[in-house]
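Taken together, the values in this text are just the output of simple stated rules run on the coordinates, not laboratory data. Treat the numbers as computed from the prediction; the structure is a model and nothing was measured. Counting neighbours? That spans all protein chains shown, and the Cβs are built from the backbone with ideal geometry, glycine included.
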Amino acid sequence: MGLNYQLVLWNNHKKTYDKLIVLGMLLYIILFAVVTLVFNSETSIETLVIRAFGSLAIIMLHIILVIGPLARLNSAFLPILYNRRHLGVSMFIAAFIHGGFSMFQFHALGDVNPIYSIFISNMDYGSLTDFPFQVLGFLALLILFVMASTSHDFFLGNLSAKTWKRLHMMVYAAYALIIAHVFLGAFQQETSPFTIGILVFGFILVSSLHLITAFKEGHIDTAKTEEKEGWLKVCDISEIEEDRAKIFTVEKERIAIFKYDGKLSAIHNVCKHQGGPLGEGKIIDGCITCPWHGYQYLPANGQSPPPFTEKVATYELKLDGKTVYINPKAFEEGTEVNPCKI
Amino acid sequence: MKKNDEFYVSYIDRSLGPKTKTTLKRFSIIALATIVIGALLFSFFQKPFKNSTFELTSATNITGTYYEKPYPMLRVEVAENTFKNILLLGFGKSSANPYLEKLQKEVKDLNGKNVSIEGNLIYYNGKTLIQITDDEKVILESSSKKRLPEKEVISKMTLTGEIIDPKCYFGVMKPGKGKIHRSCAVRCVSGGIPPVLATTDKNNISEYFLITDLNGKPINKDILEYIGKPSEITGIVEKMEDWSIIKIQVSDIRELDKKSSIY
């Protein structure tokens, strides 16, 4: 949890995660280079670097994009989500090497500024097959740069979780730009059903997982309820597991209703750190613990335990027999609300 | 969401349960398998590269007769009465002219004079070019004028091919043609490197034509929009020893809606 910003502490899980990233990247580059040099030895070193790092970056981006929905569908994937930023920054490094070499190779040492050259060397903006695909790659690289350079908690804290999340949702714009960059560029000249097939498969996989997740989560937001004197019916108390929560949507805002120690408490579902779903968290040491990065909040007041300062909105609950009801009006973030005794 | 009794928190020791560990192992294996398959597919299914050469790290000294018709060249005797005309280029995406200016000022007219040049050779398919990186390495060997190659008019022809920048095509880049390389070729020609029409016939035999305007003057900026695209070009073809020249009017270039077939 972030109060002061300091160098990231590497625990064993992070070390294993990062070792796997480095191993995967090295494995890719070495395999790509060996196969190219054995079967196509007339290559040039610049082309080898551009192609190896470009294709590595796009494969890494697909892996990054499936982690989110997989973690939404099965909480066992959450530890991968926890360090996804490391994977994102590593992917940016691969993309930057690809982009940097390409910019130098194709646009530097000429009669105009290399960045200006990207935009004006091919002016067929009105054609699909002749479209200046390098512009798309450059714009994607800019987005990835902004994301990679703001991936530290310092920016997360200063930009606010909402802004930071919006900024990092631009990965989907970058993905669209990169897919267009490859299909309107490399695949116009290097047409193999296998390489095109792997990207088509990747696109179908990424889109399907996102659609399945959206469909499953849609049920949370569209569940019908009954109103009784300003209180909304949530569920039977037996539907909430001990130390866990049920997520309930009121006026497009998700609320996490936790059951613990013979009590019920409700807080806003969105973690202040990175927007993680608190309702998929667990009560640990008396605190609601976010499943993404372990940020904690006290159930009764939605405040992070001192010295931390994050706080979320709280809600009032009541029990009528075994039925849980919620007052949809949110209290100010961090407002103490007496837990509803079971 | 599929419920998992285990709950991982990075700062809590031993919170990574066995079910989660198994899922993570499976994910890691699938991710690494994807990496391996991706590397194999993307590397194996590349089109063959041609055996063109750019001697970036080694310098060669050549001596011959300098001339501009209209692009700077050096006529080098490679065997008795056998000459090779080597196209002169500058560093990066630039013409050789800035590297020749100093000597040209000294001798006024360099045409026909014996000059030695040290630079990086570029060669492929019978054509040789040299990159000059330092004007101090362009030296006048003799002021006596020598015979220049004659141009022989062949006929008016309509040729199909692709306009390339010869520096990249003949060795600096792989591939040095087509859509991927188009922007670079545009910069090279814009920077003063002579445009060349590359054609390949049904028997896979390629021919190369230096492109000039109808008056035999260099064309650079006017031709940029046609570079790197399959095109049909009509012009007057001339032969100048081991090089061909095509004199054209840029408005006579016709873009073809087909894939590039040059090599």
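Using a 4.7 Å Cβ-Cβ cutoff, the cysteines of chain A lacking any partner cysteine are A:235, A:287, A:340. Basic side chains Lys and Arg get +1 at the Cβ, acidic Asp and Glu get -1 at the Cβ, and with that the dipole of the stretch A:181-240 about its Cα centre reaches some 220 debye. Which one, A:97, B:131, A:212, is farthest towards the positive end of the dipole of the protein assembly as shown when Lys and Arg carry +1 and Asp and Glu -1 on their Cβ? Looking along the dipole axis, the top candidate is A:212. Each of B:11, B:124, B:208 was scored by other Cβ atoms within 10 Å of its Cβ. Arranged with the fewest first, they read B:11, B:124, B:208.
With r defined as the distance between the Cβ atoms of residue A:224 and residue A:309 and R0 fixed at 25 Å, what FRET efficiency is calculated, to the nearest 0.05?
Numbers: r = 38 Å, r/R0 = 1.50.
After rounding to 0.05, the efficiency reads 0.10.
Considering only B:234, B:205, B:193, and ranking their Cα positions along the charge dipole of the stretch B:152-255 that arises from unit charges at the beta-carbon of Lys, Arg, Asp and Glu, the one farthest toward the positive end is B:193.
Given the pairs B:202/B:259; A:165/A:246; B:105/B:247, which are separated by over 18 angstrom at their Cα positions? Walk me through the numbers before you get to the answer.
Values: B:202/B:259 15 Å; A:165/A:246 24 Å; B:105/B:247 29 Å.
Distance filter (> 18 Å) returns A:165/A:246; B:105/B:247.
Ordering A:282, B:174 from the fewest to the most neighbouring beta carbons within 10 Å gives A:282, B:174.
The modelled label-to-label distance between residue B:204 and residue B:156, using points 7 Å beyond Cα along the C-beta direction, is 3.5 nm.
Treating only the Cβ atoms of Lys and Arg (+1) and Asp and Glu (-1) as charged, compute the dipole magnitude of the stretch B:152-255 about its Cα centre; round to the nearest 20 debye. Walk me through the numbers on the way to the answer.
Values: 14 positive and 14 negative charges, 85 e Å.
In total the dipole reaches around 400 debye.
Taking amide H atoms as placed 1.01 Å from N in the peptide plane, the amide H of residue B:15 lies under 5 Å from those of B:9, each 5 or more residues away in sequence or on another chain. Projecting the Cα positions of B:94, B:81, B:116 onto the charge dipole of the stretch B:55-142 (unit charges on Cβ atoms of Lys, Arg, Asp and Glu, taken about the Cα centre) puts B:94 furthest along the positive direction. Using a/c under 1.5 as the rounded threshold, could you call the stretch A:142-222 rounded, prolate or oblate? The axes a ≥ b ≥ c are square roots of the C-alpha gyration tensor eigenvalues, and prolate needs a/b larger than b/c, oblate otherwise. The shape class here is oblate. Diagonalising the gyration tensor over the Cα atoms of the protein assembly as shown and scaling each eigenvalue by 5 before taking the square root yields semi-axes of 67, 22, 20 Å, largest first. Each of B:75, B:187 was scored by other Cβ atoms within 10 Å of its Cβ. Arranged with the fewest first, they read B:75, B:187. By DSSP, the beta bridges lying fully in the stretch B:152-255 are antiparallel in about 80 percent of cases. Under the convention that each Lys and Arg Cβ holds +1 and each Asp and Glu Cβ holds -1, the size of the dipole of the protein assembly as shown around its Cα centre is about 800 debye. Ranked from largest, the principal axis spans of the Cα set of the stretch B:152-255 equal 33, 32, 26 Å.
Listed values for the stretch A:148-159 are Karplus-derived 3J(HN,Hα) couplings in whole Hz (6.51 cos²θ - 1.76 cosθ + 1.60, θ = phi - 60°), namely 5, 6, 10, 7, 6, 4, 4, 6, 4, x, 7, 8, and x replaces Gly and Pro.
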